[in-house]
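Reviewing the structure listed below.
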Amino acid sequence: MVGTGIAGTTTAASLRQQGYDGRLLLVGSEPHPPYRRTALSKEVLQGTKKLDSVWLKPASWYADHDVELLTGTTVTALSPGAVQVSGSDLRTDAVVLATGGLARRLTASPGAEVLRTADDAQTLLPRLLPGARIVVVGAGFLGAEVASSAVARGCSVTVLEAAQAPLGRVLPPSLGALYTALHRSRGVDLRLGTGLGSTRPGTVTDTSGTVHAMDVLVVAVGQAPQTRLAEQTGLLVRDGIVVDAHGRTSLPGVWAAGDVAAFPDRVTGAPRRLEHWQSAMSQGASVARNLLGADTPWTELPWCWSSQHGVDLQVCGNPGTDDDLVLRGRVEDGTVTAVFARDGRLTGAVTIDRTSDMRALRRLIVDAPGTPLALLADEGVDLAQVA
């Protein structure tokens with residue numbers, strides 16, 4: 001397994017759980033044991049958890065399960081039946097590429113902080129002091145969570161978002177307006193339709209010409225799949241390592257899972273990367289089963305979650321901006337469920353502080369996608385019973 005994130009670690013754990021007793025190597029370039037990356041922008045930045053409390057496995061687990069963990073180690077070359085690690089060739093029967101992604105940076109902000117790794121979090125954390133002026137570029141999941149955590153630590157926060165609403169890739173406009181109001185009500189200076197113009201020591205100028213004083217600039221504009229090794233090996237790469245539904249790449253004996261892997265979309269069949277914790281974990285487990293001969297495709301419904309200012313947001317499926325939409329609850333009440341459908345079939349759902357609705361809708365979208373939207377819009381209908 002090349003990569004010590006949740007996909008690579010889950011692959012190793014699943015292989016052992018399913019009885020594989022051969023040699024297992026888990027190789028990662030970071031110096032730390034595998035950790036829960038989703039905690040970095042929330043509990044770790046808020047200071048409520050230390051890094052050693054978000055390890056994926058206890059330190060003893062790797063020896064107890066005979067998994068050779070090589071941290072601070074880079075795989076420099078890959079060929080059929082072998083990988084090269086620190087200049088030495090290791091023979092392999094199979095390789096799982098779970099290399100994840102790299103934080104995107106902006107040329108206009110060469111000295112800006114990013115948040116992708118534990119070291120990034122350890123660098124940023126001591127700078128989030130009460131009264132510190134933080135400018136965040138990007139109001140997707142990561143940027144919004146960083147803003148929320150910085151506010152919780154007493155910082156003064158400005159967010160620059162080029163789109164007309166935060167979380168625009170996952171929320172319909174009405175719910176985007178709710179999150180705009182939420183962040184502003186907690187003191188975030190959220191600037192929409194505004195990007196980063198230029199930076200100077202102590203200031204940021206946005207694209208409207210407004211100058212913002214700042215102590216820390218954080219860029220949160222997404223990640224790029226880490227495909228260098230795959231490209232050097234000659235694997236098929238299109239915005240990620242292209243795999244079939246079983247996780248196999250274009251080279252026999254090489255598999256991929258997690259943020260770097262482009263699995264066939266469960267609806268369209270086109271290669272699609274999902275940068276979600278749950279998907280990476282389940283893809284790792286699926287690849288492990290297929291390595292041992294299960295021959296079952298990965299078709300799990302995408303699902304992800306976020307916590308901002310204490311409000312729980314969950315998204316499942318592939319909701320589109322042009323899909324039909326119904327709401328359960330009222331946006332102005334701050335707790336609401338949005339259900340999406342296209343051509344009479346459910347495509348996805350978004351819930352805000354409605355966890356029980358999400359549990360039911362995840363099942364309905366998979367097992368009963370023809371459920372009428374009108375039925376689901378009725379607050380008198382118990383979604384758990386329908387599911």
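The values are calculated or read from the model by the stated rules, or taken from the named source; none is laboratory data. Quick caveat, the model's predicted, so the values are computed rather than measured. For neighbour counting, all protein chains shown are included, and Cβ atoms are generated from backbone atoms with ideal geometry for every residue, glycine included. Areas reflect the complete protein model, heavy atoms only, side chains present, ligands, DNA and RNA absent. Shrake-Rupley method; radii C 1.70, N 1.55, O 1.52, S 1.80 Å.
Quick rundown of the values:
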| item | result |
| --- | --- |
| The one condition in (1) part of a helix (DSSP H, G or I); (2) of a type outside the set (Lys, Arg); (3) at pLDDT below 95; (4) open to solvent by 50 Å² or more (accessible area, probe 1.4 Å) that residue 176 fails to fulfil | (4) |
| Qualifying position, being over 26 Å from residue 39 (Cα atoms), open to solvent by 40 Å² or more (accessible area, probe 1.4 Å) and under 19 Å from the mean Cα position of the chain (by Cα), among 272, 330, 266, 289 | 266 |
| Extreme residue, surrounded by the fewest Cβ atoms within 10 Å (Cβ to Cβ), among residues of region 293-309 that are touching a His at 6+ places or on another chain (Cβ under 9 Å) and part of a loop (DSSP other than H, G, I, E, B) | 295 |
| Only listed residue being in contact (Cβ under 8 Å) with a residue 60 or more places away in the chain, part of a loop (DSSP other than H, G, I, E, B) and closer than 22 Å to residue 125 by Cβ, chosen from 221, 204 | 221 |
| Test: residue in region 238-252 that is touching an Asp or Glu at 6+ places or on another chain (Cβ under 6 Å), modelled with pLDDT of 95 or more and either open to solvent by 10 Å² or more (accessible area, probe 1.4 Å) or in a helix (DSSP H, G or I) (or both) | no |
| From the options 82, 59, residue that is free of Cβ contacts under 8 Å to residues at least 12 places away in the same chain and either over 25 Å from residue 231 (Cα atoms) or touching a strand residue (DSSP E or B) at 6+ places or on another chain (Cβ under 9 Å) (or both) | 82 |
| Any chance residue 360 is open to solvent by less than 30 Å² (accessible area, probe 1.4 Å), touching a helix residue (DSSP H, G or I) at 6+ places or on another chain (Cβ under 7 Å), over 18 Å from residue 177 (Cα atoms) and not in a strand (DSSP E or B) | yes |
| Enumeration of residues in region 109-140 that are open to solvent by 40 Å² or more (accessible area, probe 1.4 Å), in contact with a Ser or Thr (Cβ under 8 Å, 6 or more places away or on another chain) and not in a strand (DSSP E or B) | 111, 131 |
| Selected residue (only one of 9, 38 is modelled with pLDDT of 95 or more, of a type in the set (Ser, Thr, Tyr) and buried (at least 22 other Cβ atoms within 10 Å of the Cβ)) | 9 |
| Residue, surrounded by the most Cβ atoms within 10 Å (Cβ to Cβ), within region 12-31, restricted to residues that are polar (S, T, N, Q) and under 17 Å from residue 292 (Cβ atoms) | 14 |
| Hey, residue 22 small (Gly, Ala, Ser), over 20 Å from residue 127 (Cβ atoms) and more than 21 Å from the chain's Cα centre (by Cα) or not | yes |
| Residue 232 open to solvent by 60 Å² or more (accessible area, probe 1.4 Å) and either modelled with pLDDT of 95 or more or not hydrophobic (A, V, I, L, M, F, W, C) (or both) | yes |
| Pair list, Cβ under 6 Å, 6 or more apart: region 142-161 residue farther than 18 Å from residue 205 by Cβ, other residue open to solvent by 10 Å² or more (accessible area, probe 1.4 Å) and assigned to a helix (DSSP H, G or I) | 145/42; 149/46; 152/46 |
| Selection from region 25-81 of residues that are of a type in the set (A, V, I, L, M), under 23 Å from the mean Cα position of the chain (by Cα) and in a loop (DSSP other than H, G, I, E, B) | 54, 56 |
| From 117, 99, 107, 123, residue being of a type outside the set (D, E, K, R), under 30 Å from residue 47 (Cβ atoms) and without any contact (Cβ under 8 Å) to a residue 12 or more places away in the chain | 123 |
| Options 206, 189: the member that is among the acidic types (Asp, Glu) and open to solvent by less than 50 Å² (accessible area, probe 1.4 Å) | 206 |
| Close pairs (7 angstrom Cβ cut-off, 6 or more residues apart or separate chains): in a helix (DSSP H, G or I) in region 184-195, open to solvent by less than 40 Å² (accessible area, probe 1.4 Å) and at pLDDT 95 or above anywhere | 184/190 |
| Residue within region 156-166 that is assigned to a helix (DSSP H, G or I), modelled with pLDDT under 95 and more than 21 Å from residue 120 (Cβ to Cβ) present | no |
| Members of region 86-103 that are assigned to a loop (DSSP other than H, G, I, E, B), closer than 18 Å to residue 29 by Cβ and open to solvent by 40 Å² or more (accessible area, probe 1.4 Å) | 86, 87 |
